[in-house]
Amino acid sequence: MITIAGAGVAGLASAYELASRGANVLVYERASSPSDNPCSWFAGGMLARWCEGETAASEIVHLAGGAIDWWRQFTKVETRGTLVVCPPRDQPELRRFARRTKRHTLLGAQQLAALEPALEGRYNQALFFEDEAHLDPRQALVDLTRAVQRLGVEIRYDTPAPDSVDVDCRGMASDLIGLRPVRGEMVMIEAPDVTLTRTIRMLHPRSPVYLVPRGDGVYMIGATMIETSSTRPITLRSTMELLGSAFALHPGLAEASVIETSIGLRPAFADNVPRLTQTGTTTHVNGLFRHGFLVAPALAGQLAAQFFPEEFNANHSEQRTA
Ligand SMILES: Cc1cc2nc3c(=O)[nH]c(=O)nc-3n(C[C@H](O)[C@H](O)[C@H](O)COP(=O)(O)OP(=O)(O)OC[C@H]3O[C@@H](n4cnc5c(N)ncnc54)[C@H](O)[C@@H]3O)c2cc1C
């Protein structure tokens with residue numbers, strides 16, 4: 001029996017990778033359901049490996065390699081790419097973003113309008129990251145929970161983990177040295193009259209934001225990264241910045257209804273790179289920062305390699321002889 005603490009994206013991905021190799025897995029979850037989750041539930045759901053490369057370490061871009069295919073096993077993934085735009089006065093920002101990232105195409109106004117008609121006439125240029133995707137993180141967590149349970153994993157909700165577990169995926173609740181919270185705030189809006197079909201990042205020197213479509217006219221807007229452990233509700237300033245950027249992206253969004261505001265504390269190490277850490281007999285999967293959905297599959301794979309080294313060694317030597 002392998003015991004795991006936490007059923008956020010790290011714990012569920014770990015449970016899946018272990019159970020699919022035949023392990024008997026038991027997950028303890030302090031909350032009462034996936035929606036009672038302190039961080040994963042509030043994510044944007046961007047699988048935006050190349051855009052994240054603008055600021056993230058190269059390890060993140062590497063770890064994110066198989067994420068889109070991994071999530072497709074259980075849940076709907078929209079493979080429509082990411083658009084990056086910025087107001088004409090901030091064009092140097094777009095050029096800077098392009099220099100710092102890979103795998104993008106520079107679009108002119110007509111190409112942009114063909115791709116995303118709602119943005120016709122609004123921007124002269126945009127960057128298109130065709131290989132990126134997004135998912136609905138809430139649906140993805142529910143679908144992954146079901147997939148894990150189908151493999152025979154028991155998830156004990158409303159049950160704090162015992163003092164000793166084999167795998168610790170408690171996010172910010174972990175007592176790992178060096179872990180810090182980076183607060184992220186989000187606003188959810190419903191705008192049935194504006195149709196945007198892919199993730200859009202709006203560059204701004206002070207407050208870049210992103211908008212992720214959730215379907216049926218619902219959009220998640222997020223971006224803030226604040227070094228604090230405060231769990232108080234979203235501030236007025238963040239709300240104004242997020243909604244102001246949405247309005248700047250498309251004036252039609254001014255008529256949107258605000259249907260939710262939330263915050264989450266992202267668990268991060270000093271270098272913002274996630275990792276497996278050993279304390280005694282416990283392996284910690286933590287530090288997923290703003291890349292939980294992107295990197296959880298790869299980290300869970302590393303964890304499985306630790307528990308099933310023979311299988312991974314056999315695969316490795318098969319690949320070498322092939
Ligand atoms: C606003 C926002 C937007 C984001 N957007 C994206 C995005 O677009 N793409 C992306 O890849 N990532 C994104 N992220 C990051 C992602 O959400 C995190 O990296 C990820 O959720 C961290 O997952 P986790 O499983 O480590 O932690 P958590 O989700 O916090 O899970 C930890 C779990 O452990 C449980 N737990 C705690 N203590 C105990 C205990 N004692 N016993 C048992 N269980 C316990 C908790 O209840 C929780 O369910 C975003 C985050 C935020 C806040």
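Observations, loosely collected:
- Of the trypsin sites (Lys or Arg not before Pro) found in the range 112-208, those that fall in a DSSP loop while having at most 14 other beta-carbon atoms within 10 Å are R206.
- Dipole magnitude for the chain: about 700 debye, using +1 per Lys or Arg Cβ and -1 per Asp or Glu Cβ, origin at the Cα centre.
- With only the Cα atoms considered, the range 1-53 has a convex hull volume of 100 Å³ per residue.
- Taking a point 7 Å from the Cα of T279 along the Cα-to-Cβ direction, the residues of the range 145-178 with backbone N closer than 19 Å to it are 160-178.
- Extension gain, K76-D216: 0.36 nm per intervening residue step, less the Cα-Cα distance, totals 48.9 nm.
- The sum of -39500 (n - 2.57) across all DSSP H runs of n ≥ 4, divided by the residue count of the chain, sets its helix-only mean residue ellipticity at 222 nm to -9000 deg cm²/dmol.
- Taking the Cα centre of the range 76-219 as reference, the dipole from Cβ charges on Lys and Arg (+1) and Asp and Glu (-1) amounts to some 680 debye.
- Considering only A140, A270, A67, the mean-square fluctuation computed in a Gaussian network model of the chain, springs between alpha carbons under 10 angstrom, is largest for A270.
- Each of T231, L249, T277 was placed along the dipole of the range 207-322 (beta-carbon charges, centred on the mean Cα), and the one lying farthest toward the positive end is T231.
- Net charge of the neighbourhood of S257, taken over other residues with C-beta under 14 Å away and scored Lys/Arg +1, Asp/Glu -1, is -4.
- Rounded to whole Å, sorted largest first: equivalent-ellipsoid semi-axes of the range 185-322, Cα gyration tensor: 39, 20, 12
- Axis angle, to the nearest 10 degrees, between helix 309-321 and the longest C-alpha principal axis of the chain: 60 degrees.
- Distance between the modelled labels on M225 and D131, one decimal in nanometres: 2.2 nm (7 Å Cα→Cβ projection).
- Remark: the R89-R156 segment gains 18.8 nm on full extension, using 0.36 nm per residue and subtracting the alpha carbon distance.
- A full extension of the chain between F247 and S33 corresponds to an added length of 73.6 nm, given 0.36 nm per residue minus the alpha carbon distance.
- Computed E for R96/V142 - FRET, C-beta separation, R0 56 angstrom, nearest 0.05: 0.90
- The chain - convex hull of the alpha-carbon atoms, volume per residue in Å³: 140 Å³
- Ranking by accessible area, most exposed first, for D69, D136, D90 with a 1.4 Å probe: D69, D136, D90
- Placing +1 on the Cβ of every Lys and Arg and -1 on the Cβ of every Asp and Glu, with nothing else charged, gives the range 1-148 a dipole about its Cα centre of roughly 220 debye.
- The chain - percent relative contact order, Cα under 8 Å, separation 6 or more: 26 percent
- Here the Kirkwood formula puts the hydrodynamic radius of the range 87-156 at 15.3 Å, using every distinct Cα pair.
- Taking the chain as a Gaussian network of alpha-carbon nodes connected by springs under 10 Å, the highest mean-square fluctuation of the residues V273, V258, V85 belongs to V258.
- With all protein chains kept in place, the per residue accessible area of the chain amounts to 46 square angstrom at a probe of 1.4 angstrom.
- Here the relative contact order of the range 43-165, from alpha carbon pairs under 8 Å that lie six or more residues apart, stands at 35 percent.
The values are calculated or read from the model by the stated rules, or taken from the named source; none is laboratory data. Here the structure is a predicted model, which is why all the values come from computation and not from measurement. Here Cβ is always computed from backbone atoms with ideal geometry, including for glycine, and neighbour counts include all displayed protein chains. For accessibility, only protein heavy atoms count, side chains too; no ligands or nucleic acids. Shrake-Rupley method; radii C 1.70, N 1.55, O 1.52, S 1.80 Å.
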